[in-house]
Each structure stands twice: as C-alpha cells, then as structure tokens.
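Structure, as structure tokens:
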Amino acid sequence: MSRAQPRRVIYRGRKIDLALVPVALADGLVEEREVVLHRGAVALVPMLDGDRVCLLRNVRYAVGKTLVEVPAGTIDLGETPEITAARELTEETGYHAARITKLAEWFVSPGVMNERMYLFRCDDLTPGPTSHQPDEHLEPLVVPWDDAVAMAYDGRIEDAKSIIAILFCERLRRNGWA
C-alpha cells in the first residue's frame, strides 16, 4: 500500500465502511482496490456443564437462510474485545459468564476486509434474559459438545467462524483445555 495516498472512504455504514486503497503494482503503477473496513468482532463458545455448548439459530438475510452459529457480535466503538464478549453473550444467549477466556484471533477475509475476529470460551454460566437487537432473529440451541463437533464436520454448521471456533476448541478439549 502506498503511504503517499491515504485510503479514501466512499461509503460509511452502521457496521462497515468501504474504502478505496492505493496499491502499488509490480510494474510501478498505482491502482485503487476496494477494502471493507470493520471494527472487528468476537465469537463465543459458551460451555454449559463442561459437555454442552450454547449455539444459536440465526436468520441471516445475506444468504437467505437460518444458520446454526456460535454467538458472536461486532465490537462497538470504545469497547475492547473482552467487553464485547461479555455483552454479546448476555444479549444473544441470556447467559452471564463468571469466566471468559480469550483463545485465539484471526483475520476473517484479508483479501477484501480488515476485520479481526477474537475467539472466547465462556464458562460458569448463569442464565438470564436475552436482549436481542430489533433486526436479530436468534434462537438459543443447547447441544452436547460432541454433536456440535459433528455438525461442524458434516455441514449442518455452514458458518466459517463457527466451524473454526468449534474445531479449535475441540483440539484444545482433546489436550485438556490447556
């Protein structure tokens, strides 16, 4: 990316912005590329009784179907990923966690966006009311851990962050959740 020319935001949205970013090509020319700018997000693995996990059925308008996912959400301005994790857990599932542990982080789709996803495990859960956003259509789905892993492998879970979260945690679980 050329430092002489800053990115140029051409669209500002609620959760994303779209920018044109100057990129130096191999032949020395500079062209603009589209980049989606995102504040980042969290993905949560809420464990109940050590062998069950709270997933969500989530209506996703972008793909026109209801997906099974781990709870997740966008980091609000001024929030840390840890604060977002606690907030999103309560909003989406109703649970409060006595322990929230950061496990990993990754770029979601670095070819077109700068979004960073932070993965947290949530333990020692206490139930409570949900607080869904007006545009959210969520239904908690508590399943045995082994069923969640099977769903990640057999295609019942189609969401990439959820597959990564479950399979990453399965690897940790097999190693004693170190």
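Every number here is computed from the coordinates shown, using simple stated rules; none is lab data. Here the structure is a predicted model, which is why all the values come from computation and not from measurement. With ideal geometry, Cβ positions are generated from the backbone for all residues, glycine too; neighbour counts draw on all protein chains shown.
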task: Round to the nearest 10 and give me the degree value, 0 to 90, for the angle of helix 160-174's Cα axis relative to the longest principal axis of the chain.
output: 50 degrees
message: Explain nothing, just the number: dipole magnitude of region 78-126 about its Cα centre with +1 on each Lys and Arg Cβ and -1 on each Asp and Glu Cβ, in debye rounded to the nearest 20.
response: 140 debye
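Given the -39500 (n - 2.57) contribution per DSSP H run of 4+ residues, what per-residue ellipticity at 222 nm results for the chain, rounded to the nearest 500 deg cm²/dmol?
Numbers: 3 runs with 38 residues, N = 178.
Calculated from helices alone, the mean residue ellipticity at 222 nm is -6500 deg cm²/dmol.
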- prompt: If the label point is 7 Å along Cα→Cβ of Glu32, which residues in region 106-150 have backbone nitrogen under 18 Å from it?
  reply: 112-114
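Roughly how many debye, to the nearest 20, is the charge dipole of region 33-178 about its Cα centre, given +1 on each Lys and Arg Cβ, -1 on each Asp and Glu Cβ, and no other charges? Walk me through the intermediate numbers first.
Working: 16 positive and 23 negative charges, 76 e Å.
For this selection, approximately 360 debye.
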field: Per-pair calculated FRET efficiency, R0 = 41 Å: Leu77 and Asp154 via Cβ, rounded to 0.05
entry: 0.60
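Give the range of the longest stretch in the chain that excludes all GluC sites (Glu not before Pro) found in loop regions by DSSP and having at most 15 other beta-carbon atoms within 10 Å. Walk me through the numbers on the way to the answer.
Working: sites that count: Glu136, Glu158.
The answer is 1-135.
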- prompt: Can you give the Kirkwood hydrodynamic radius of region 1-109 from its Cα pairs, in Å with one decimal?
  reply: 16.7 Å
task: List the trypsin sites (Lys or Arg not before Pro) within region 11-104 that fall in a DSSP loop (any state other than H, G, I, E or B) and whose Cβ has at most 15 other Cβ atoms within 10 Å.
output: Arg14, Lys15
